[in-house]
1. Which residue, of 125, 135, 146, is more than 24 Å from residue 9 (Cβ to Cβ), touching a helix residue (DSSP H, G or I) at 6+ places or on another chain (Cβ under 8 Å) and either of a type in the set (D, E, K, R) or crowded, with 18+ Cβ neighbours inside 10 Å (or both)?
2. Please give the number of the condition residue 301 fails out of (1) surrounded by 20 or more Cβ atoms within 10 Å (Cβ to Cβ); (2) closer than 20 Å to residue 369 by Cα; (3) out of contact with any Pro (no Cβ under 9 Å at 6 or more places or on another chain).
3. Within region 247-276, track down each residue that is of a type in the set (A, V, I, L, M, F, W, C), touching a residue at least 60 places away in the same chain (Cβ under 8 Å) and surrounded by 23 or more Cβ atoms within 10 Å (Cβ to Cβ).
4. From 336, 364, grab the single residue that is crowded, with 24+ Cβ neighbours inside 10 Å and either touching a residue at least 40 places away in the same chain (Cβ under 8 Å) or within 14 Å of the chain's Cα centre (by Cα) (or both).
5. Report yes if residue 350 is of a type in the set (S, T, N, Q) and touching a helix residue (DSSP H, G or I) at 6+ places or on another chain (Cβ under 6 Å), otherwise no.
6. Within region 1-50, can you find the residues that are among the acidic types (Asp, Glu) and within 23 Å of the chain's Cα centre (by Cα)?
7. Right, residue 304: at pLDDT below 90 and within 18 Å of the chain's Cα centre (by Cα) or not?
8. Among the residues of region 255-279, how many are among the small types (Gly, Ala, Ser) and not in a helix (DSSP H, G or I)?
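The values are calculated or read from the model by the stated rules, or taken from the named source; none is laboratory data. Keep in mind it's a predicted model, so treat the numbers as computed, not measured. Quick reminder, even Gly has a Cβ in these numbers, built from the backbone with ideal geometry, and neighbours come from all protein chains shown.
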Amino acid sequence: MGTVEEALDALRAGRPVLVADSADREDEADVVLAAQSATPEWVAWTIRRSSGYLCAPMPAGRADALDLPLMVPSSQDPRRTAYTVTVDAATGVTTGISAADRARTLRVLADPASGRGDLIRPGHVLPLRAVPGGVLHRAGHTEAAVDLCRLAGLEPVGAIAELVRDDGRMVRLPEASAIAAEAGLVLLTIADLQAWRLAHDDVAPAAGTAPEQPRVHATHTAYLPTAHGEFRVHGYRDLRTGDEHVALVAASGLVDEPPVRVHSECLTGDAFGSARCDCGPQLDAALRIAAAEGGAVVYLRGHEGRGIGLLAKVAAYALQDAGRDTVEANVDLGWPADRREYGAAAAILTDLGACRVRLLTNNPAKVTGLRAHGVEVTQVRALEVGRTPHNEAYLRTKATSMGHLLHLDDAPDAPGASGTPAPGDPVRVDPVHAAPTTVGTDTTDHAFDPLEELA
């Protein structure tokens with residue numbers, strides 16, 4: 001067995017690595033290549049050693065930037081693999097099926113300058129949307145490929161294919177060891193990668209890595225008086241997704257370790273005052289706290305409906321009206337329970353100089369999401385506001401299925417149990433855990449969805 005460091009060196013050198021998952025999962029070994037350095041020779045080798053079904057794992061934000069929607073809106077795949085529409089490169093290919101053509105398509109997928117028009121649909125390469133948080137959330141080859149490319153300092157787009165024996169059966173770990181030895185390739189397991197990420201706090205080795213591209217671009221800053229206080233509003237463009245985010249910073253400036261709210265866009269709650277969620281009251285409370293205590297609110301676009309979009313959220317509401325809960329509704333529609341990731345929020349906070357914050361949230365996944373991107377969360381201040389008869393079941397599902405820090409058995413008139421607290425009401429303070437304690441049940445970016453299995 002090789003080491004993670006050896007695997008990263010191999011990917012930087014343009015060579016594939018072999019990655020095996022656990023015996024109680026798929027019990028399969030995949031070839032993993034970095035898409036940006038895909039060559040006809042190694043793609044051809046991969047095709048010969050596999051079923052020839054070549055997939056291209058990538059972050060969801062990258063798939064969105066390339067306009068790669070899910071193949072079907074409601075997946076029947078029991079493993080919830082996030083297949084998108086298939087693609088070929090728009091130029092530089094013939095039929096699209098040859099090793100040279102597929103290598104070209106992989107390089108286009110990895111090129112940060114590529115856009116929707118650089119691909120044609122359908123094609124012969126199958127992109128996959130990786131779950132935010134990587135193998136710490138979902139122990140699949142999809143996430144392993146993206147993690148390895150990212151940690152190697154390469155574009156976080158890979159290519160994977162399952163190794164297959166000559167008799168058609170899948171290659172297991174002992175046979176993968178023989179193939180690795182014969183071809184001079186590094187072999188490691190997803191468990192090795194999980195352990196490495198936890199041990200290194202998800203920090204890639206500095207030596208030999210390519211410089212990381214900025215996640216956001218600061219645009220303009222202006223004065224913004226609000227009903228909750230006076231702010232400076234900072235505009236940011238997300239260079240990965242194209243979304244436009246804003247940060248509202250107290251006009252008095254940020255204090256050391258400021259109170260910070262990372263707020264996901266919610267049109268129905270924030271603008272329409274929907275009683276189906278607690279988003280609007282949380283935003284109001286966070287703005288008051290930020291204005292009074294020298295803090296900030298980072299408002300993330302593209303997070304509507306926990307990242308599935310406004311119309312999909314309305315469809316999920318319709319399923320909830322029929323009896324499904326908020327998690328089941330997303331899954332029934334073919335979406336993960338939560339598609340959000342917080343890399344842009346961390347980049348915005350870093351740009352503002354807020355590298356140590358007191359986070360206003362009930363969601364532990366936001367803590368791990370910010371920490372994974374270099375922002376230290378020194379304290380969690382819960383925002384238990386906006387509780388109504390219409391969202392009682394919704395909040396209970398968030399607590400039981402998504403790990404949110406909510407005390408729903410408190411008396412209805414307890415401070416913060418319902419409505420919006422008046423200034424001076426107590427805000428619960430929760431401990432910040434240094435790292436996930438169980439691999440696969442916490443995530444770098446969002447709460448664990450038990451219905452998501454392996455790619």
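1. Working: 135 fails: more than 24 Å from residue 9 (Cβ to Cβ); 146 fails: more than 24 Å from residue 9 (Cβ to Cβ).
125 is the lone residue from the list that is more than 24 Å from residue 9 (Cβ to Cβ), touching a helix residue (DSSP H, G or I) at 6+ places or on another chain (Cβ under 8 Å) and either of a type in the set (D, E, K, R) or crowded, with 18+ Cβ neighbours inside 10 Å (or both).
2. All conditions pass for residue 301, except number (1).
3. Going residue by residue through region 247-276, those that are of a type in the set (A, V, I, L, M, F, W, C) are 247-251, 254-255, 260, 262, 266-267, 271-272, 275.
Then drop every residue that is not touching a residue at least 60 places away in the same chain (Cβ under 8 Å), which leaves 247, 249, 254, 260, 262, 275.
Within region 247-276, 247, 249, 260, 262 qualify.
4. So the residue among 336, 364 that is crowded, with 24+ Cβ neighbours inside 10 Å and either touching a residue at least 40 places away in the same chain (Cβ under 8 Å) or within 14 Å of the chain's Cα centre (by Cα) (or both) is 336.
5. Details: of a type in the set (S, T, N, Q): yes; touching a helix residue (DSSP H, G or I) at 6+ places or on another chain (Cβ under 6 Å): no.
Against the criterion (of a type in the set (S, T, N, Q) and touching a helix residue (DSSP H, G or I) at 6+ places or on another chain (Cβ under 6 Å)), residue 350 does not qualify.
6. Result: 21, 26, 30.
7. no
8. 4
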